[in-house]
Amino acid sequence: MNASPKKMAAIISGLQKHYVLKSETVRALRGVSFEVPEGDYVAIMGPSGSGKSTLLNLLGCLDRPTHGSFLLGDDDVATMTDDELSAIRASRIGFVFQSYNLIPQLSVVENIEVPLYYKGTLNSESRKRSIGLAAMVGLGDRLGHRPTQLSGGQQQRVAIARSLVNDPYFILADEATGNLDSVTTEEILALFQRLNDEGRTIIMVTHEDEVSVHAKRVIRLRDGEIQVDEPIKNRQVFTEEQIKEISKNASSESEE
Amino acid sequence: MLLFRTWKLGIRSLLLHPMRSALTVLGILIGVTSVIWLLAISEGISKEFQKQIEDLGAENIIIRSIQPPDESGGNFREIKAFGVSRADYNMINRTISTVQRVLPIRELPQKFAYTGNPNVKPINGRLVGCTPEYSEVTRLVISRGHFLTSQECESKSSVCVIAAQLASILFPSEDPINKQIFLPEKKEYFKIVGVLQPRNATAAIGGSLAAQDFSLDIYIPISTMRMRMGDQETKRTGGSFSIKSFELSQITVQVDTVDDVPKTAELVEATLRAKDPDRQDIAVVVPYELLEQAKTTRLMFMMFMCLIAAISLVVGGIGIMNIMLATVTERTREIGVRRALGAKRSDITQQFLVETITLSVVGGLTGILLGLLGPFVFEIARGGLESFAPNLYGLVPQVGRDMNPEIVPASIPVSFFISVVVGVMFGLYPAMRAAQMDPIEALRHE
Ligand SMILES: Nc1ncnc2c1ncn2[C@@H]1O[C@H](COP(=O)(O)OP(=O)(O)O)[C@@H](O)[C@H]1O
Ligand SMILES: [Mg+2]
């Protein structure tokens, strides 16, 4: 998937988000513009309260901007109804949360299928696809397990498989490694890199430099505005061997 | 397919808290069971009442004599006759055209003994003077021998017909036919010519609340009774005497057709009260009217029972709502996740509605099963009470002892329907509340 005339996964221009409170209006985003080409790997950084989560919620179609436009493919999210936003989330957005957010009463494979359930394309073929994704994240032998029976790293891998099931425009990861130890963080970052190498677009929020150096590009926010938008200079890349090694360790961990 | 998955998911979510779900189901279960039981019991009671009234005969009008309260103050000299008289009887018989026949009846509480069986103490029973038609009008069934004949009445013979239970007490191992019954108070003997089959008790009449019991009756010709015993009765209570005088205890008027009953009843009443409109010594009972009243009473009774059942269902519904509100709060995060993964508001509403409906339907179905067991449970409870606490059982009214709860067929679909409606009604608010949550807020919820 080499995008020579670069196709855009998302085009954001003049994006503003205001929260109207009783006493004041909080301007969480004050006009943010950038483009995310397909296959990009973006780290969004910035101090607390700078608007990272607000931006990510807009990118994830969980909210509508106050001003500005957000083009997802050919559709402008700013003008969509609540149900249309839901439909977009079900069909073209992949979420990975800091606290995994798997549904406790569902098994691994059923958790992976949830977006398809709301998209309405659940069938035996999609079941095969979900099983394939579970295998890809190294949990092929845990299909029937419940989230409580898995470690944090394993749960996050299920969440990543879930974010891929609807073939999304991009994966949105909000502090996806925030709850994990350094070994498991490596594991998840290696998985992200593998997905990015395969052509997946990834946008992640993080405040750790060790995490952001794995991305291709960093956007730094400050007080609701973009301060810096630049490529990562010394990008840290896992080698083929490292990825193999990590995924082997990860699956042997899941064998326990 | 999708709906099926929604149900499956709903059931699994409920099974995450089996105890909580079971208790919630219990609320509806009790509601539905009580709908079915209460209706079955009210149906049983009203059927029993109706049967008792029908046994009085819908085409009959019954006039009872009522002894007025004693005003003589121990002055025996003027003993006034009370109640229906032979003159009343003749008047009704002759003047009212819609009357088919009239039965004169005179009843006396009496002791009965059989001298051939000295082991048995005299039995307190009831001596009934009547005519041969009595057996037809009251639909008596003879098991041995024959009922009183007109010949026996005309000749004023000392013959009698005895009720089944009395026969079995006085003659446990002998054939009663042609045996002599002895009346120690009257020093009279009567020859048994017939034995009746057991007869059901009938509804209370003539101001008394107790159902009429016929199990210890002896029937003799009323002509014989008049000749041998007259119209006066002397009762010795403690040291003092009391004398009362009455010609008849009751007359039963049989009307041509049921349609003529109300009109005839008015005429009878008018005839009896021609001289004294305020006479207090008679009561006119019209079983047909009682029957009509019983139908209205039944309807009211049922409505009352429905109201009680409805209240218990509402209580069950509030239980459901309470639990679902707690569940929704508890699962705020799950709701946020589902919304982020593409669930529409309507999907969330549906998910929680499915859960409440599952609870209420499970409650409804088990409630119906338990409801169907109602008559058995009732039977067992009654049997248990009878054998383990006879004193308590004695306090149960006659109707309660005789009636059988009868499942009202309509109560099953109705209670099921109601339980579903309750589930939807009380589930809707929590489900909508879940759906109205802001997904971002919900995701942030701890
Ligand atoms: N729902 C909200 N209502 C009001 N103010 C909000 C809301 N969400 C965020 N804000 C405000 O918007 C600003 C940006 O918040 P946020 O996007 O969460 O920052 P970050 O994720 O970078 O810490 C903050 O000042 C925050 O207080
Ligand atoms: Mg934040």
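Within segment B:411-430, which residues have the backbone N less than 13 Å from the label spot 7 Å out from B:Ala310 along Cα→beta-carbon, could you tell me? So the set is B:418.
Partners of B:Lys80 within straight-line reach, counting lysines whose Cα lies under 24 Å from its Cα and excluding those fewer than 8 residues away in the same chain: B:Lys186, B:Lys235, B:Lys244, B:Lys275.
From most to least packed by mean Cβ count within 10 Å, the peptides B:274-284, B:37-47 give B:37-47, B:274-284.
Toward the positive end of the charge dipole of chain A, with +1 on the Cβ of Lys and Arg and -1 on the Cβ of Asp and Glu, the farthest Cα among A:Met8, A:Ile232, A:Asn101 is that of A:Met8.
Note on B:326-338: average number of Cβ atoms from other chains within 10 Å of each residue's Cβ is 3. Per residue, chain B exposes an accessible area of 50 Å² to a 1.4 Å probe, with every protein chain left in place. Please report, as a whole percent, how much of the solvent-accessible surface of segment B:60-256 comes from carbon and sulfur atoms (probe radius 1.4 Å). Heavy-atom surface of segment B:60-256 belonging to carbon and sulfur, 1.4 Å probe: 49 percent.
Each residue of segment B:409-425 is assigned a 3J(HN,Hα), and the resulting list reads x, 5, 5, 6, x, 4, 5, 5, 4, 4, 5, 5, 4, 4, x, 5, 4 Hz, derived from the Karplus form 6.51 cos²θ - 1.76 cosθ + 1.60 (θ = phi - 60°), x at Gly and Pro. Calculated mean residue ellipticity, 222 nm, chain B: -17500 deg cm²/dmol, from DSSP H runs (n ≥ 4) at -39500 (n - 2.57) each, averaged per residue and rounded to 500. For chain A, the 222 nm mean residue ellipticity estimated from helices alone, with every DSSP H stretch of n ≥ 4 adding -39500 (n - 2.57) and the total spread over all residues, rounds to -11000 deg cm²/dmol.
Mean projection of the Cα convex hull over all viewing directions, computed for chain A: 14.4 nm².
Each part gets one Cα centre, and for segment B:124-202 versus segment B:315-343 those centres are 76 Å apart. In this calculation the C-beta distance from B:Glu446 to A:Glu241 is compared with R0 = 41 Å, giving a FRET efficiency of 0.50. Based on a Kirkwood Rh over C-alpha pairs, give the Stokes-Einstein translational diffusion coefficient of segment B:297-358 at 4 °C and viscosity 1.567 mPa s in µm²/s. Estimated diffusion coefficient is 93 µm²/s. Per the accessible-area calculation with a 1.4 Å probe, the total area buried between chain B and chain A rounds to 2500 Å².
The orientation-averaged projected area of the convex hull spanned by the Cα atoms of the protein assembly as shown comes to 50.7 nm². Pairs of Cα atoms nearer than 8 Å and 6+ residues apart set the relative contact order; for segment B:60-256 it is 35 percent.
The angle between the Cα long axis of helix B:261-272 and the longest principal axis of the Cα atoms of chain B comes to about 40 degrees, rounded to the nearest 10.
The mean number of partner chain beta-carbon atoms within 10 angstrom of a residue's beta-carbon across peptide B:341-351 is 6. Using θ = phi - 60° in the Karplus curve 6.51 cos²θ - 1.76 cosθ + 1.60, the 3J(HN,Hα) couplings for segment B:122-129 round to x, 9, 7, x, 9, 9, 10, x Hz; x is entered for Gly and Pro. If you bin all the Cα-Cα distances of segment A:118-256 at 10 Å, starting from zero, the percentages per bin are 10, 39, 34, 13, 3. Kirkwood analysis of the Cα pair distances in segment B:60-256 returns a hydrodynamic radius of 17.8 Å. B:Arg382 exposes around 30 Å² of accessible area when a 1.4 Å probe is run over every protein chain in place.
Computed from Cα atoms, the angle from the helix B:287-330 axis to the main principal axis of chain B rounds to 20 degrees. Within 10 Å of the Cβ of each residue in A:114-120, the mean number of Cβ atoms contributed by other protein chains is 5. Greater than 31 Å separation of Cα atoms is the criterion. Which listed pairs, A:Lys244/B:Lys8; A:Lys7/A:Lys248; A:Lys216/B:Lys344; A:Lys7/A:Lys233; B:Lys51/B:Lys121, meet it? From A:Lys244/B:Lys8; A:Lys7/A:Lys248; A:Lys216/B:Lys344; A:Lys7/A:Lys233; B:Lys51/B:Lys121, over 31 Å: A:Lys244/B:Lys8; A:Lys7/A:Lys248; A:Lys216/B:Lys344; B:Lys51/B:Lys121. Hey, any idea what % of chain A's accessible area is carbon plus sulfur with a 1.4 Å probe? Carbon and sulfur together cover 47 percent of it. Normalising the average separation of contacting C-alpha pairs (under 8 angstrom, six or more residues apart) by the number of residues puts the relative contact order of chain B at 30 percent.
Taking N as the residue count of chain B, its C-alpha radius of gyration divided by 2.2 N^0.38 Å amounts to 1.47.
Please work out, to two decimal places, the log10 of the ratio I(q)/I(0) at q = 0.10, 0.17 Å⁻¹ from a Debye calculation in which every Cα of segment B:327-422 carries one identical scatterer. Here log10 of I(q) over I(0) equals -0.52, -0.85. The simple Förster model, with R0 at 22 Å and r as the Cβ-Cβ distance, assigns B:Gln151 and B:Thr257 a FRET efficiency of 0.10. Ranked by the mean number of other Cβ atoms within 10 Å of their residues, highest first, the peptides A:170-177, A:97-104, B:112-119 fall in the order A:170-177, A:97-104, B:112-119.
Per-residue packing, averaged as other Cβ atoms within 10 Å, sorts the ranges B:244-254, B:336-346 into the order B:336-346, B:244-254, beginning with the highest.
The values are calculated or read from the model by the stated rules, or taken from the named source; none is laboratory data. As the structure is a prediction and not an experimental result, all values here were calculated from the model. Every residue, glycine among them, receives a Cβ derived from its backbone with ideal geometry; neighbour counts consider all protein chains shown. These accessible areas exclude ligands, DNA and RNA; they are computed on the full protein's heavy atoms, side chains included. Shrake-Rupley method; radii C 1.70, N 1.55, O 1.52, S 1.80 Å.
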